[in-house]
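Note sheet for the following structure.
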Amino acid sequence: MPEKISIAGTSKLIPLPGDPGLPSLCCFDMKELLTFAMLLTAVASSAFAGDVPPHSLTPVSIQQVTIDDAFWSPKLKVWREVTIPDCFAKFEKDGAFSNFDKIRDGQSGEHGGPAWYDGLIYEMIRGCSDFLATKRDAALEGRLDGYIERIAAAAAKDREGYLNTWTQLKEPTHRWGLNGGDDNLQHDVYNAGAMVEAAVHYYRATGKTRLLQVATKLANHIADVMGPPPKKNVVPGHSLGEEALVKLYLLFREQPELKSRMPVKVDEQRYLELVEFWIENRGNHEGRKTYGPYGQDHQPVLQQETIEGHAVRATLLCAGLVATAEVNGRADYLNAARRLWENMVQRRMYVIGGLGAVAGHEGFGPDYVLPNNGYLETCAAIGAGFFHHNMNLALGDARYADELERVLYNAVLPGVSLKGDSYFYENPLEAGPKRTRWSWHPCPCCPPMFLKIMGALPGYIYAQEPGAAYVNLFVGSKATLTINGTPVTLQQTTEYPWDGKVKLTVKPQREVEFAVNLRMPGWCNEPKLRLNGKTVANVETVRGYARLQRKWRAGDAIELSLPMPVQRIKANPKVEADIGRVALQRGPLVYCLEAADNGGHIRNLVIPSDPPLAAQHRKSLLGGVTVITGTAMAVHRLPWPDQLYLPSTDLRGATNTQFTAIPYFANANRQPGEMRVWMAESPEQADALPSPTLATRAKATASRCWQSDTVSALNDQIEPAASDDAKIPRFTWWDHRGTAEWVQYDFDKPAKVSTVQVFWWDERRINAHCRVPQSWRLLYQAGGEWKPVPGASAYGVEMDRFNRVTFDPVETKALRMEVQLQSDWSGGILEWKVE
């Protein structure tokens, strides 16, 4: 018998789609239909009403959860073993730690890295602390203790415990952005908040108080300086400190005995009052510099109607706003957070959960302005994750966990490569052939933020309230918690996100009654539940959770089935960038197309609305992913006939081709190449390519290709404007100089060729590294050997034009260009045509 799910607060049962017990609409009279419609409208509207009472949940802490999951466990291992040491090594090389040593030793001079480098080190410590909370690691813990001692030694040089190495080395008279300083640049408050947060997390993970003592002294100093008159009107130029000080407040409230171990008197109420000042005092610019909408400083936060400005600052502020509301119980705080969340999610968020349409200020544009080449900073996605998580805890509503899931899988995961040692700052939904990850960045803020949210992941899976447990994320794991005075273990097994089957085994120490609440994902239309092998018929849903209230015995098992058909996603028509376009989603994952899977180009592909789409798991691809396949149309420009004028007609052709889409989180883990999420649904929306040629159908290889260049540039049919046309993809042999090199085309079947054209890459006008070659020649493959083409004309090396070589026709399956680079110079090619 099909299950029926009730809407909380009503006596109506809503049959699931496909329920044969669903009466035909013709069986209802109009009065019944109108009454029923009004009921549904009222229920739906209540989820968004400003007066919905909060329903606070308590997270099940990191220490209480062990992840054992086919999807997440290998990734967590890579981040622990590769990403953490990689980041620390690069920060050490940049001088981030020697900054503290300079302060300790009373030195002056240059500062390693930008003004916020201290904060990034503290964020690394916070992220690592959560990894330690899951699994103690003596080597990592020892490394952190060493860093903490260097930080503490620097802080000890100031009587008040002030520490911000940039300001102390570069702008010593501008502490906290005062006296003509600018905290928007200096990041004094941001860095201090990051230290406080790191200290709290490190203490909770290890029980060690060294960093906590330093941070508490600094927090007291901040509370002495900032606040209502006669204190200074200082609000953070970059948010983070709001939630950090709430965490410090909560720690001392929970463990008052800690106060005696601090070097200063602790009154935690001062920390909460300072956070409230920072939140409520925005928009009051008397006596200080204003950060305007960019820094959410244009009006008091509680009056702001839309989320504005720098997306990282905005989301961290909102996460702190919710955390504060949870502590002070202020309804106006929570209502402001809901208002800003609704604006963000319903009007200013990308389909992957990413944020920040405008590169100029790394932040939000107007409502519905979501260009596919938008900025989408990794840190902004992570800030959104913190915001979603805090909203879920404050309101106990599954829709916030839905968005946490969306951003984790689709907008946060892409920030670090599958190997764990290269990164993305920006995550646009379309990219050209040159898109590659960076090994490091002048502003490497995203890797530490990434480690913060992924270290915290175990604590996002489960939550509880008196008499109830909540399952928010579907991750193979074991949680130990106490419900109604009874120890309970929850064991979750699943192949999510590739498969929607989730099994939850409930193991109370003794028989006890409580509720298990499982999130019903918004992307799933037909969830199904079984309890101990039997279909559950009438499941109450409360705030998006299926609620199972009963007496539980050890071994009781819940089976949740979430069908995962491939879905075509459309954007609101107000999003102009996506009119006539479609995105693909399966389960929680948003997909993209990459050139590597689709013949070298995807911008000319059309995914019509009719052909069926299929899902297939490929263990050997990108660490094991489920791909989406189907039939697309490849759109090409037809050659203009040999006549001057023609009747108006669309000189375009389309051929059917098979396409493959991969999860967006796995993009840019192979060679550089085009990528798109939103695909054309009709030929008019596609970027038609020239008709295929022998060269475009060939497989290109080379003796060497620089990591930021691509062999696909050889045959991408993009016409260069000049030999130093940096706007288009290029192939180079850099950093080889003066060497003998080669490029090669392999054809799918023997072809007769007699002409090639080569457009050389040359940087002499900008006095850079590449020049046209000293010499070159063509060879063809015959009988397993390479032979020079017969009767070749002169091999040209002119700039800013195609160098054409003709030769006697040869039939071959492969053509090779051998090149001798000029002494002390490298070289490259923009396009290589074959006729």
Förster radius 41 Å - calculated FRET efficiency between D332 and L621 (Cβ-Cβ, nearest 0.05): 0.25
Tilt relative to the chain, helix 84-94 - C-alpha long axis, 0 to 90 degrees, to 10: 80
Cα centroid separation, region 115-132 to region 338-366 (Å): 26
Estimated distance in nm for a label pair at T693 and T657, the labels positioned 7 Å out from Cα along Cα-to-Cβ: 1.6
Cα lying deepest toward the dipole's positive end in the chain, options L132, L714, W278, charges on Cβ: L132
Dimensions (Å) - region 355-434, Cα atoms, principal axes, largest first: 43, 36, 17
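Express in % the proportion of alpha carbon pairs of region 82-161 at distances exceeding 21 Å.
Details: 897 of 3160 pairs.
Beyond 21 Å sits 28 percent of the P(r) for region 82-161.
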Surface per residue (accessible, 1.4 Å probe) for the chain, Å²: 40
Stretchable slack from K787 to K478, in nm (0.36 nm times residue separation minus alpha-carbon distance): 104.8 nm
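Over its Cα atoms, what ratio of radius of gyration to 2.2 N^0.38 Å does region 386-536 give?
Ratio of Cα Rg to 2.2 N^0.38 Å: 1.25.
Would you please name the GluC sites (Glu not before Pro) within region 275-341 that are DSSP coil residues with at most 13 other C-beta atoms within 10 Å of their C-beta? Walk me through the intermediate numbers first.
On the way: sites: E276, E280, E286, E305, E308, E326; in loops: E286, E305, E308.
Taking region 275-341 and a limit of 13 other Cβ atoms within 10 Å, the loop GluC sites (Glu not before Pro) found are E286, E305.
Counting each DSSP H run of 4 or more residues in the chain as -39500 (n - 2.57), what helix-only mean residue ellipticity at 222 nm follows after dividing by all residues, to the nearest 500 deg cm²/dmol?
-8500 deg cm²/dmol
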Per-bin percent of Cα-Cα distances, region 581-642 [10 Å]: 17, 48, 24, 7, 3, 0
Cα gyration tensor shape for region 538-650, rounded if a/c is under 1.5, else prolate or oblate: prolate
Euclidean distance of C-alpha centroids, region 141-205 and region 637-681, integer Å: 52
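Any chance you could list the semi-axes, whole Å, largest first, of the equivalent ellipsoid that the Cα gyration tensor gives for the chain, using √(5λ)? Provide the component values of the computation, followed by the final result.
Working: eigenvalues 496, 286, 121 Å².
Here the semi-axes work out to 50, 38, 25 Å.
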Theoretical FRET efficiency, 1/(1+(r/R0)^6), r = Cβ-Cβ of D610 and D224, R0 45 Å, to 0.05: 0.10
Cα→Cβ-extended label distance, 7 Å offset, between S108 and Q303, nm: 4.3
Span from the region 524-557 Cα centroid across to the region 726-747 one, whole angstrom: 60
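Using the crude model of +1 on Lys and Arg Cβ and -1 on Asp and Glu Cβ, and no other charge, please compute the dipole size for the chain relative to its Cα centre, in debye to 20.
Numbers: 91 positive and 95 negative charges, 334 e Å.
With only Lys, Arg, Asp and Glu charged at Cβ, the dipole is about 1600 debye.
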Solvent accessible area, Å² - T631, 1.4 Å probe, full protein context: 50
Cα-only radius of gyration and Dmax that characterise region 503-586, units Å: 18.0, 58
Positive dipole terminus of region 477-635, leading residue within A479, P611, A634 (C-beta point charges): A479
Debye, to nearest 20: dipole size of region 421-545, +1 on Lys, Arg Cβ, -1 on Asp, Glu Cβ: 200
Accessible-area composition of the chain, carbon plus sulfur, in percent [1.4 Å probe]: 51
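How much length is gained on full extension from N572 to E495, taking 0.36 nm per residue of separation minus their Cα-Cα distance? Intermediate values should be presented prior to the final figure.
Numbers: separation 77, 0.36 × 77 = 27.72 nm, distance 3.19 nm.
Answer, rounded to one decimal: 24.5 nm.
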Among A515, W825, A384 the positive-end extreme of the charge dipole of the chain (Cβ point charges): A515
Principal-axis tilt of helix 241-254 within the chain, Cα atoms, nearest 10 degrees: 40
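How do D145, D642 rank by accessible surface area computed with a 1.4 Å probe, from largest to smallest?
On the way: D145 45, D642 160 Å².
Largest accessible area first, the list is D642, D145.
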Projected label distance in nm at V82 and S561, using a 7 Å step from Cα toward the beta-carbon: 3.7
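Suppose R0 equals 41 Å; then what is the FRET efficiency for S708 and K265 from their Cβ-Cβ distance, rounded to the nearest 0.05? Before the final figure, lay out the partial values.
Numbers: r = 55 Å, r/R0 = 1.34.
Plugging the Cβ-Cβ distance into 1/(1 + (r/R0)^6) gives 0.15.
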Given charges at beta-carbon only (K, R positive; D, E negative), |dipole| of region 372-443 in Debye: 280
Linear extension gain, R136 paired with V369, 0.36 nm per residue minus alpha-carbon span: 79.4 nm
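The values are calculated or read from the model by the stated rules, or taken from the named source; none is laboratory data. Note that this is a predicted model, so its numbers are computed, not measured. With ideal geometry, Cβ positions are generated from the backbone for all residues, glycine too; neighbour counts draw on all protein chains shown. To get the accessible areas, we keep the full protein, side chains included, count just its heavy atoms, and leave off ligands, DNA and RNA. Shrake-Rupley method; radii C 1.70, N 1.55, O 1.52, S 1.80 Å.
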